[in-house]
Amino acid sequence: MPKARRALAPWVVLLLLLSSGCSEKLSRQTGLTDADLLARGQKQAEQKKYGAASEAFQVLLERFPTSPLAARAQFGLASSRMANKEEIEAEVAFDDFLRLYPADPKIPDALFLKGTLLSRQVLSPGRDQGKTLEAIKAYTLFLEREPDSPRAREATGKIRELRNRLALHEATVVNSYLSRKLYPGAETRARRAVATYPDVPAAPTLLALLAQALAKQGKKDDAEVVRKTLAENYPDAGGKKPVDVSSLAWAYQTRQSYQGRRGRYEITLQPRYVASKEISADGGSNLELDPALGFGLGFGYNFTSKFALHLDGSWARSDYQAKIATTNTGGGSTGTTTVGGTLDTATVALNLSYYFLDGPLTPFLMGGIGWTFVDSNIPSGPPEGVCWYDPWYGYICTSYQNTYTKDYFSYNLGLGARWDVIPGFFLRGSVGWLWVDLGKAGTTDFMGGRLDLGYMF
């Protein structure tokens with residue numbers, strides 16, 4: 001074994017032991033009481049160290065299963081695993097709490113949280129709706145226990161949303177029957193769904209599908225009665241072609257599967273547009289920049305659902321025409337010289353975004369500070385040569401030429417809208433202004449737009 005490898009080996013072993021033995025360390029500690037473990041778990045949870053909190057609660061339950069604090073530990077374990085996005089483990093922990101401690105004061109909280117947890121796991125309307133039914137049951141039990149709770153309104157709204165998902169599931173089934181020309185089955189399924197879900201947003205879709213199933217069987221009078229009911233109760237939907245059920249289900253799934261931005265990182269790819277600009281300077285000099293396309297990359301973190309911090313880098317290239325005032329040796333003006341070329345700009349900025357709404361579709365305001373680098377691509381000196389030796393090709397020589405470059409302090413402000421399309425992926429469109437301190441030319445603003453194609457994790 002090489003000396004360097006032998007020297008590193010003990011440290012590697014030590015690191016492995018530390019990383020693998022962290023969870024065992026707490027369980028092996030003697031002298032910790034149930035109160036010590038509960039306090040440790042609660043402190044770790046407050047610090048958002050949910051893995052460590054779960055460990056402390058688990059050790060308490062294993063070591064002191066009959067402790068008066070066991071119920072609190074079980075609830076803390078379920079809550080910590082839920083916060084840590086361990087959905088299956090959290091569901092099991094909540095079920096254990098509800099089964100083992102049915103008289104505990106935290107039962108309503110557990111039911112509400114379980115409903116929230118299950119609603120995050122429901123599948124698209126075209127798939128099995130077992131989790132949807134379980135979530136409805138949890139919210140219903142919560143309302144039975146605390147009908148006047150401040151959260152009762154939220155639970156009622158969640159139940160309505162989940163029942164709408166079940167209605168959409170029925171709509172997809174009916175639509176499938178219709179596509180396979182199973183018209184009697186489509187009628188039966190649609191009638192049952194209309195009777196079961198008369199008060200959800202998908203109700204007009206179910207009526208439209210029922211009318212379609214009746215018409216396909218030649219039951220024109222019955223179909224007309226349904227269409228009349230549809231027109232009277234839902235005037236915006238009456239007489240129109242039934243909406244595409246798959247599109248409706250996808251849109252609903254998008255809305256329901258939204259899990260929020262809080263505590264999540266994100267990366268973005270940013271196609272950019274910079275508008276044309278004319279810049280005037282002392283002595284009659286000016287610079288006309290053509291519109292430009294560019295791109296950028298960004299990395300950010302969402303502290304809450306409304307506040308996010310981003311580090312953005314961007315580049316753009318634009319053609320320009322410049323009129324440069326010339327002077328003689330005595331300082332007098334001799335006119336102007338016109339030059340043209342290509343200008344490269346690169347900006348690195350630290351931006352703060354504020355989202356006005358918590359949901360997946362929200363307007364936002366963004367601002368930040370940064371540094372802008374400008375390369376005129378105008379030679380600033382004679383060409384210079386450089387050579388190096390390549391083992392394969394031998395000596396290789398080339399030349400390069402320095403250009404006039406400068407960097408400036410800059411700040412920006414923008415506004416736009418964000419749409420979290422599906423879990424993990426989002427779009428942000430914005431219009432903004434970048435102010436650059438150009439020295440003698442003063443502070444100049446540049447207007448542009450950008451589209452952020454983002455992934456959140």
### Residues of the range 115-139 that turn out to be surrounded by 15 or more Cβ atoms within 10 Å (Cβ to Cβ), part of a helix (DSSP H, G or I) and of a type outside the set (A, V, I, L, M, F, W, C), as a count
8
### Message
Checking the condition crowded, with 17+ Cβ neighbours inside 10 Å and free of Cβ contacts under 8 Å to residues at least 60 places away in the same chain, which residue from Ala78, Ala103 passes?
### Response
Ala78
### Summary
By residue number, the members of the range 176-204 that are in a helix (DSSP H, G or I), crowded, with 16+ Cβ neighbours inside 10 Å and among the aliphatic types (A, V, I, L, M) are Leu178, Ala186, Ala190, Ala193, Val194, Ala203
### Query
If you check every pair at least six apart or on different chains, which have Cβ atoms under 6 Å apart with a residue in the range 412-431 that is modelled with pLDDT of 90 or more first and a residue that is of a type in the set (S, T, N, Q) second?
Gly414/Ser430; Gly416/Ser430; Arg418/Thr362
### Message
Suppose we keep only residues that are of a type in the set (Val, Ile, Thr) and modelled with pLDDT of 70 or more within the range 369-393. Which one would you say is surrounded by the most Cβ atoms within 10 Å (Cβ to Cβ)?
### Response
Thr372
### Residue match in the range 146-155 (condition: part of a loop (DSSP other than H, G, I, E, B) and acidic (Asp, Glu))
yes
### Residue satisfying all of: in the range 173-221; at pLDDT 90 or above and of a type in the set (Asp, Glu); farthest from the chain's Cα centre (by Cα) among these
Asp221
### Task
With the condition kept exactly as written, say whether any residue in the range 110-121 is over 26 Å from Gly263 (Cα atoms), in contact with a Ser or Thr (Cβ under 9 Å, 6 or more places away or on another chain) and modelled with pLDDT under 90.
no
### Query
Which residue pairs have Cβ atoms closer than 7 Å, lie 6 or more positions apart in sequence or on different chains, and pair a first residue in the range 143-168 that is closer than 23 Å to Leu123 by Cβ with a second residue that is outside any helix (DSSP H, G or I) and small (Gly, Ala, Ser)?
Asn164/Ala202; Ala167/Ala202; Leu168/Ala202
### Task
Check Arg189 against each of (1) in contact with a helix residue (DSSP H, G or I) (Cβ under 6 Å, 6 or more places away or on another chain); (2) within 25 Å of Pro235 (Cβ to Cβ) and name the one condition it does not meet.
(2)
### Task
Among residues belonging to the range 291-306 that are surrounded by 16 or more Cβ atoms within 10 Å (Cβ to Cβ) and outside any strand (DSSP E or B), point out the one that is farthest from the chain's Cα centre (by Cα).
Lys306
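The values are calculated or read from the model by the stated rules, or taken from the named source; none is laboratory data. Small disclaimer: the values here were computed from a predicted structure and weren't measured. Note that each Cβ is placed from the backbone with ideal geometry, even for glycine, and that neighbours are counted across all protein chains shown.
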